[in-house]
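S.K.: Please see the structure below; I have some questions.
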Amino acid sequence: MNTRLCTLFAALGFGFTALSVSAQTKWDMPTGYAAANFHTENITQFAADVDKASAGKLKITVHAGGSLFKANEIKRAVQGGQAQIGEIIFGGYANENPLFGTDNVPFLATSYGEAKKLAAAQKPALDALLAKQGLKVLFSVPWPPQGIFSAKPINSAADLKGVKWRAYSPQTSRIAELVGAQPVTIQAAELSQALATGAVAAFMTSGATGYDSKVWEQVKYFYDAQAWLPKNAVLVSQKAFDALDKPTQDALLKAASEAETRGWKSSEEKTKFYVEQLAKNGMNVAAPSAALKADLKKVGDTMIGEWLKTTGAEGQAILDAYKK
Ligand code: PCA
């Protein structure tokens, strides 16, 4: 009798433990940028909000700075189920489908207002494309406007001939080709090291990445070209999402929508601060010269033509929706 009771209680106890374990879901979330980067801070807040709103049922562990997967491996990791959720930069995948490069086209959308319109115009196509890959976009947030960083002064595109140029996407490589520079793809997490070893001497990115990577140690010139605002996106595996109960899904979506609003706001608010920090740390900060501006515009015109050609009717529809 005693033994049977013991067995019964043991079974019940085991049942309860199993239940409470299965009620908590743990997700790994690789991201590509430094822990102190504004995107990462926003994502860390998002994970904390999800924890709270789901009453601890969904725990998301953020692995920043490419520590779990390198920035350019994260999409495949989420698609393949090695991670349930992760952060990508859309433009990094423009070789897979040029629609991913919509917000990397130079001078298509150059302010936060325009970037917001472009984000809305491109969203249906990107959501559909990613859904076919078993991925769902939870939110996306732009980087500040992109300018040119260089070790040497740049007065026109001719000054970039032969210069080793760091790229983070197919389109930032394409710019290098069009101005006769030598493109080298390097993720943000490795930018400081690439500069220190002299692997690259010029690149386009935001003041945010210039600040995060303390580029002023090697690079002395920043030309605030405000050429485009590329977006990062947080993707979740649809399968992992579907496995959550409804209240947890709702908590996740609510936290995601708040993270998008918060991220856009902090990106825009910090833009000025980042550029100021470049100057404070000894960099020459200026607008591009008229000659450089004209050269960059030519590059932009070529690239929008190329983007339209490769995206066809879908690209045209996005452009029409954007210009409406
Ligand atoms: N920073 C990222 C992408 C765009 C940006 O501003 C980078 O340089 O990799």
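Values quoted throughout were computed directly from the atomic coordinates according to the rules given, and no laboratory measurement underlies them. Predicted model, so just to flag it, every value in this text is computed and none were measured. Note that we place each Cβ from the backbone using ideal geometry, even for glycine, and neighbour counts take in every protein chain shown.
S.K.: Which whole-angstrom value gives the distance between the alpha carbon centres of the range 33-85 and the range 300-324?
M.R.: If we compute the Cα centre of each part, the gap is 32 Å.
S.K.: Right, here's the next one. Quick one: order V184, V137 by neighbouring beta-carbon count within 10 Å, fewest to most.
M.R.: The order, fewest Cβ neighbours first, is V184, V137.
S.K.: Skipping prolines and chain starts, which residues have an amide H placed within reach, meaning under 5 Å, of the one on V184, given they are 5 or more residues away or on another chain?
M.R.: Answer set, sorted by chain and number: W165, R166, A167.
S.K.: Would you work out the charge dipole size for the chain about its Cα centre, treating the Cβ of every Lys and Arg as +1 and the Cβ of every Asp and Glu as -1, and quote it to the nearest 20 debye? Show your work: numbers first, answer last.
M.R.: Numbers: 35 positive and 29 negative charges, 21 e Å.
Dipole size: approximately 100 debye.
S.K.: In addition: For D224, what charge total do you get from the other residues with a beta carbon under 12 Å from its beta carbon, if Lys and Arg give +1 and Asp and Glu give -1?
M.R.: On the way: positive: K272, K293; negative: E276.
With Lys, Arg at +1 and Asp, Glu at -1, the net is +1.
S.K.: Take the chain, compute every pairwise Cα distance, and split them into 10 Å bins from 0; I just need the percent in each bin.
M.R.: Bins of 10 Å from zero give 6, 25, 32, 21, 9, 4, 3, 2, 0, 0 percent of pairs.
S.K.: Return the percentage of antiparallel bridges among DSSP beta bridges fully within the chain, rounded to the nearest 5 %.
M.R.: Numbers: 20 of 35 bridges.
Of the beta bridges lying entirely in the chain, close to 55 percent run antiparallel.
S.K.: Counting other C-beta atoms within 10 Å, which of D245, D49 has the fewest, and how do the rest follow?
M.R.: Values: D245 13, D49 19.
Listing D245, D49 from fewest to most nearby Cβ atoms yields D245, D49.
S.K.: Sum -39500 (n - 2.57) across every DSSP H segment of at least 4 residues in the chain, then divide by the residue count to get the 222 nm mean residue ellipticity, nearest 500. Display every interim value, and only then the final one.
M.R.: On the way: 10 runs with 160 residues, N = 324.
Value at 222 nm, helices only, nearest 500: -16500 deg cm²/dmol.
S.K.: Show me, for the range 260-275, the HN-Hα J-couplings you get by feeding each phi into the Karplus relation (A = 6.51, B = -1.76, C = 1.60, θ = phi - 60°), rounded to Hz, glycine and proline as x.
M.R.: Per-residue couplings from phi come out as 5, 4, 5, x, 4, 5, 5, 4, 5, 5, 8, 3, 5, 4, 4, 5 Hz.
S.K.: Separate question: For the range 109-180, just list the percent of Cα-Cα distances falling in each 10 Å bin from zero outward, please.
M.R.: Over the range 109-180, the share of Cα pairs per 10 Å bin runs 15, 33, 30, 18, 4 percent.
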